[in-house]
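Notes follow the structure.
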2 protein chains.
Amino acid sequence: MADFVTILGFIAASLTTFGYVPQIIKGYKTKHLKDVSLMMFVLLTIGMFLWMIYGILRKDIVIIIANIVGLVFGATTLGLKLYYKR
Amino acid sequence: MADFVTILGFIAASLTTFGYVPQIIKGYKTKHLKDVSLMMFVLLTIGMFLWMIYGILRKDIVIIIANIVGLVFGATTLGLKLYYKR
């Protein structure tokens, strides 16, 4: 049963994964990510990769899905940052 | 017992919380966060707040601690972004 707490978890997970999308759109449009910290996205991307492994080992599908999506967005931002680096 | 999976979880949590610190340091030093997406930090900060509530309801101390720390760092970055907004 999708109880209140599970729904809350899904809303939380959606915000902390799709939260990267505005940065990707902004970076893609402006082609300028000088103020964005490279190290932040390196650490967050590695962190989400480890969360994904953690979810697989704990057999927790919410953690797995949330971090695969987050990983894709985090890595995309990281890629943009490196691509437009001057 | 702090097994391998739990330790992995703690490492993952440390990376996805302390990952914001390089952005805070960079923003504080340069006083310039024009390229950083305001909406990203609004979404991530609300998301971590909801994760914290989720952790409290699930009585999961790792989720609670990770998201309190993440919330402080996320809100700090958001504050810097708003403060130095031109």
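The values are calculated or read from the model by the stated rules, or taken from the named source; none is laboratory data. Predicted, not measured: the structure shown is a model, and the values here were computed from it. In this analysis, Cβ positions are derived from the backbone assuming ideal geometry, glycine residues included, and neighbour counts consider all displayed protein chains. Just so you know, the surface numbers come from the protein's heavy atoms only, side chains and all, with ligands and any DNA or RNA stripped out. Shrake-Rupley method; radii C 1.70, N 1.55, O 1.52, S 1.80 Å.
For this structure, a couple of remarks:
- Within the accessible area of the protein assembly as shown (1.4 Å probe), percent carbon and sulfur: 75
- In the context of the full set of protein chains, segment A:4-83 has a per residue accessible area of 49 Å² (1.4 Å probe).
- Chain B holds its axis-closest Cβ, relative to the rotation onto A, at the residue and whole-Å distance B:35, 2.
- Only the Cβ atoms of Lys and Arg (+1) and of Asp and Glu (-1) were treated as charged; on that basis the dipole of chain B about its Cα centre amounts to roughly 540 debye.
- For residue B:61, the distances from its label point to the matching points in the remaining copies are 3.0 nm, ordered from shortest, with each point set 7 Å beyond Cα toward Cβ.
- Derived scalar couplings between HN and Hα for segment B:25-30 equal 4, 4, x, 5, 5, 7 Hz in order, rounded to whole Hz, by the Karplus curve 6.51 cos²θ - 1.76 cosθ + 1.60 (θ = phi - 60°), x for Gly and Pro.
- On association of chains B and A, roughly 3300 Å² of accessible area becomes buried (total for both chains; probe 1.4 Å).
- Projected label points at residue A:31 and residue B:75, each 7 Å from Cα along the beta carbon direction, are separated by 3.9 nanometres.
- Aspartates and glutamates with Cα under 19 Å of residue A:81, excluding same-chain neighbours fewer than 8 positions away: A:35, B:35
- Paramagnetic label reach from residue A:60 (point 7 Å along Cα→Cβ; backbone nitrogen cut-off under 11 Å): within segment B:1-33, residues B:6, B:9-10, B:13.
- Relative to its Kirkwood radius, the Cα radius of gyration of the protein assembly as shown gives an Rg/Rh of 0.97.
- Sorted shortest first, the separations between the residue B:21 label point and its copies elsewhere in the assembly read 3.2 nm; each point sits 7 Å from Cα along the Cα-to-Cβ line.
- Reachable lysines from residue A:59, criterion Cα separation under 28 angstrom, eight or more residues apart if same chain: B:59
- Sites residue A:84 and residue B:18 - FRET efficiency at Förster radius 35 Å, r taken between beta-carbons, to 0.05: 0.90
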